[in-house]
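Q: Structure incoming, see below.
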Amino acid sequence: MQNEVISIKTITTENSGKLSFFEAERNIPFAIKRVYYIHGVANGVRRGGHAHKELWQFLFCPYGKIRILLDDGSEKSEVVLDGLPKGLIVGPGIWHDMIWLKEDSILCVAASEYYDEADYIRDYDDFIKFVRANIYDNL
Ligand code: TYD
């Protein structure tokens with residue numbers, strides 16, 4: 001499965017808040033080479049608009065509300081990350097957009113590879129060609 005919503009393990013301690021955690025190759029299906037986060041974004045902003053050829057990512061939103069739009073080339077779906085301890089795995093070959101539904105929402109991402117612009121597909125027609133070329137690998 002190229003997309004999956006994961007419930008992030010959370011410990012609640014009386015009067016002192018909550019602690020949420022996930023572990024690479026245990027709770028998410030890859031080793032983490034990079035972590036980045038997007039912040040300081042106004043309400044209504046749309047980011048993303050690309051897919052990756054090989055990268056796996058785990059998206060979570062520790063504060064705020066962000067809609068993630070997903071498209072595998074034949075089916076579209078969406079997930080709202082809203083500060084609750086849940087995250088979304090996005091695998092390769094998934095076109096994704098993120099829409100900020102609350103100002104200053106923070107999107108955190110754990111990624112399987114270092115940043116590599118060559119891994120991006122930023123043109124939707126190229127994405128559809130990529131999906132068609134790779135479809136037999138996923139059967
Ligand atoms: P991009 O992935 O296009 O952002 P988004 O999908 O959220 O719209 O990245 C924006 C810019 O930041 C782009 O110039 C590449 C750079 N960047 C890095 O240098 N390292 C990183 O780890 C990431 C994710 C982006």
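Q: Calculated from DSSP H runs of 4 or more alone, at -39500 (n - 2.57) each and per residue, what is the 222 nm mean residue ellipticity of the chain, nearest 500?
A: -2500 deg cm²/dmol
Q: Here's a follow-up. With every protein chain left in place, what is the accessible area of Arg67 in Å² (1.4 Å probe, nearest 10)?
A: Counting only protein heavy atoms, the figure is 80 Å².
Q: Leaving ligands, DNA and RNA out of it, work out the accessible area of Ser16 with a 1.4 Å probe and give it in Å² to the nearest 10.
A: 80
Q: With unit charges on the beta carbons (Lys and Arg positive, Asp and Glu negative) and the dipole taken about the Cα centre of segment 10-88, which residue among Gly49, Ala24, Thr12 sits farthest to the positive side?
A: Farthest towards the positive end: Gly49.
Q: Could you sort Tyr115, Tyr120 by their accessible area in this structure, using a 1.4 Å probe and putting the largest first? Present the calculation step by step, with values, prior to reporting the outcome.
A: Values: Tyr115 125, Tyr120 45 Å².
The residues order as Tyr115, Tyr120, largest area first.
Q: How tilted is helix 124-134 with respect to the longest principal axis of the chain? Cα atoms for both, answer in degrees (0 to 90, nearest 10).
A: Tilt of helix 124-134: around 80 degrees.
Q: Rank these residues by their accessible area, most exposed first, probe 1.4 Å: Asp125, Asp71.
A: Details: Asp125 100, Asp71 10 Å².
Ranking Asp125, Asp71 by accessible area, largest first, yields Asp125, Asp71.
Q: Using a simple charge model, +1 on the beta-carbon of Lys and Arg, -1 on the beta-carbon of Asp and Glu, nothing else, what dipole does segment 1-131 show about its Cα centre, in debye to the nearest 20?
A: Around 420 debye, computed over segment 1-131.
Q: Once you've got the Cα coordinates, tell me which of Lys86/Lys129; Lys9/Lys33; Lys9/Lys53; Lys18/Lys102; Lys33/Lys86; Lys33/Lys102 are over 26 Å apart.
A: Lys86/Lys129; Lys9/Lys53; Lys33/Lys102
Q: Next up: Ordered by residue, what ³J(HN,Hα) values in Hz, to whole numbers, does segment 78-85 give under the Karplus form 6.51 cos²θ - 1.76 cosθ + 1.60, where θ = phi - 60° and Gly and Pro are x?
A: 8, 9, 9, 9, 9, x, 6, x
Q: Keeping all protein chains in place and using 1.4 angstrom, which order do Glu14, Glu75 fall into by accessible surface area, from largest down?
A: Listed by decreasing accessible area, they come as Glu14, Glu75.
The values are calculated or read from the model by the stated rules, or taken from the named source; none is laboratory data. Quick caveat: nothing in here was measured; it's all calculated off a predicted structure. Because the Cβ atoms are built from the backbone with ideal geometry, glycine has one as well, and the counts that use them run over all protein chains shown. Areas reflect the complete protein model, heavy atoms only, side chains present, ligands, DNA and RNA absent. Shrake-Rupley method; radii C 1.70, N 1.55, O 1.52, S 1.80 Å.
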